[in-house]
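Before any comments, here is the structure.
The values are calculated or read from the model by the stated rules, or taken from the named source; none is laboratory data. Keep in mind the model is a prediction, meaning the values are calculated, not measured. With ideal geometry, Cβ positions are generated from the backbone for all residues, glycine too; neighbour counts draw on all protein chains shown.
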Amino acid sequence: MGDVLSQSEIDNLLAALSSGEIDASEIPDSGEKQIKNYDFNRPAKLSKEHLRTLEIIFEHYGRLLSTSLPAYLRKNVQIEVISAEATIYQEFTNSLTNPVLLGIVDFAPLSGNIIIEMAEKLGYTIVDRMLGGLGAPLEKAREFSEIELAIIEKIFTVCVNLLTEPWANVVKLEARLQRIETNSQFAQIISPSETSAIVTMNMRIGNVEGMINVCLPYDVIEPVIDKLNTKYWYSTIKDMDKTASRALVEVAIAKARIPVKAELGRSTISVQDFINIQKGDIIKLNTRVNDELCVYVGNIRKFFALPGTAEESYAVKISRVINEEE
């Protein structure tokens, strides 16, 4: 390795190159070349850009989980993506302990399965919350019963269904939960030496924290690996059809149910009169028979209308729309 130049020596060298005193082509090459080690047992199939894109996808996925799971668990749920790294499948399985919760997911239309691993204390907390408890995990781990696994499977199914939206820019997923395994030996879905991407997320249910690891074998995501780069990702987001998005919002709003009421009139009576009111008594309103009625949408006065009937029901006929100025 050559001597390290000071800042003044670097400035002088740059000045000499700029003035032409030194020709860059005449500077001898030291012959030293940077050598980077390459492990043939663990080929670098997944670049940092691929892993960064997976982080973006699962950050979106974490937000969906945070808004959807509280409806089932009746508890605040927070999800944070910790890391995304490439490793061989054997290292992932060696890090698992028994009992463990492994969701084997069919990643259709891509061929093959992925694995969602959930910390066992999260599983105990989910069961406790679903059965009306406070959500406290067990002090000592034990095997899950068949009933507990059936409850956890429902939450896993919700989690798997939420994968569709975050992956929409890459592939139109039809993911499906195949089964849940509690022993890592029964989750050998690929060769132990196969490269996989492991996305680690931290899940907090109330005061209980635990890790969720998503194992994505390279063979599964290889057909869409070119789309797992930030340039493609942001370009697809930018080119989204805004008109289609607006149409979806309009359809959703059009189906919303809102209360509408027509006010016949108003009156004020004393409490004594109200207590003594009898069938057949008449309450005088502040409107006449031919006056227009006010129609409210929610709590907003929006229309004027005339009273009438439609078949066997009371009805009103809209006569005019109330402008904001009115």
>> Tell me whether the range 194-203 contains one or more residues that are farther than 27 Å from S111 by Cβ and either surrounded by 15 or more Cβ atoms within 10 Å (Cβ to Cβ) or in contact (Cβ under 8 Å) with a residue 40 or more places away in the chain (or both).
In response: yes
>> Within the range 178-190, take every residue that is outside any strand (DSSP E or B) and in contact with a helix residue (DSSP H, G or I) (Cβ under 9 Å, 6 or more places away or on another chain) and give me the one that is farthest from T87 (Cα to Cα).
In response: T182
> Among the residues of the range 202-220, is any modelled with pLDDT under 90 and more than 22 Å from the chain's Cα centre (by Cα)?
Replying inline: yes
>> From the list Y72, Y124, exactly one residue is hydroxyl-bearing (S, T, Y), at pLDDT 85 or above and over 20 Å from the mean Cα position of the chain (by Cα). Which is it?
In response: Y124
> Which one of the conditions (1) in a strand (DSSP E or B); (2) under 24 Å from A108 (Cβ atoms); (3) small (G, A, S) does G210 fail to meet, given that it meets all the rest?
Replying inline: (2)
>> I'm trying to understand the selection: among the residues of the range 127-177, which are outside any helix (DSSP H, G or I), over 22 Å from the mean Cα position of the chain (by Cα) and surrounded by 13 or more Cβ atoms within 10 Å (Cβ to Cβ)?
In response: G135, A136, P137, L138, A141, F144
>> Considering only residues that are under 21 Å from N161 (Cβ atoms) and surrounded by fewer than 20 Cβ atoms within 10 Å (Cβ to Cβ), which ones fall in the range 97-112?
In response: I104, D106, A108, P109, S111, G112
> Could you give every pair whose Cβ atoms fall below 6 Å, whose first residue belongs to the range 137-150 and is outside the structural domain of E120 (by TED's automatic domain parsing) and charged (D, E, K, R), and whose second residue is surrounded by 10 or more Cβ atoms within 10 Å (Cβ to Cβ) and at pLDDT below 75, counting only separations of at least 6 or pairs across chains?
Replying inline: none
> Is it the case that I82 is modelled with pLDDT of 85 or more and touching a Leu at 6+ places or on another chain (Cβ under 8 Å)?
Replying inline: no
>> Of all residues being of a type in the set (F, W, Y) and out of contact with any Ser or Thr (no Cβ under 9 Å at 6 or more places or on another chain) in the range 276-326, which is nearest to K261 (Cα to Cα)? Just the residue, please.
In response: Y296
> Can you name every residue in the range 109-131 that is under 30 Å from E194 (Cα atoms) and either among the aliphatic types (A, V, I, L, M) or not assigned by TED's automatic domain parsing to the domain that holds R179 (or both)?
Replying inline: L110, I114, I115, I116, M118, A119, L122
> So E181 fits all but one of (1) over 22 Å from the mean Cα position of the chain (by Cα); (2) free of Cβ contacts under 8 Å to residues at least 12 places away in the same chain; what number is the exception?
Replying inline: (2)
> Across the range 191-207, which residue is nearest to N113 (Cα to Cα) among those that are in contact with a Gly (Cβ under 9 Å, 6 or more places away or on another chain) and in a strand (DSSP E or B)?
Replying inline: M201
> What are the residues in the range 47-69 that are aliphatic (A, V, I, L, M) and either over 12 Å from T200 (Cβ atoms) or not in a helix (DSSP H, G or I) (or both), if any?
Replying inline: I56, I57, L64, L65, L69
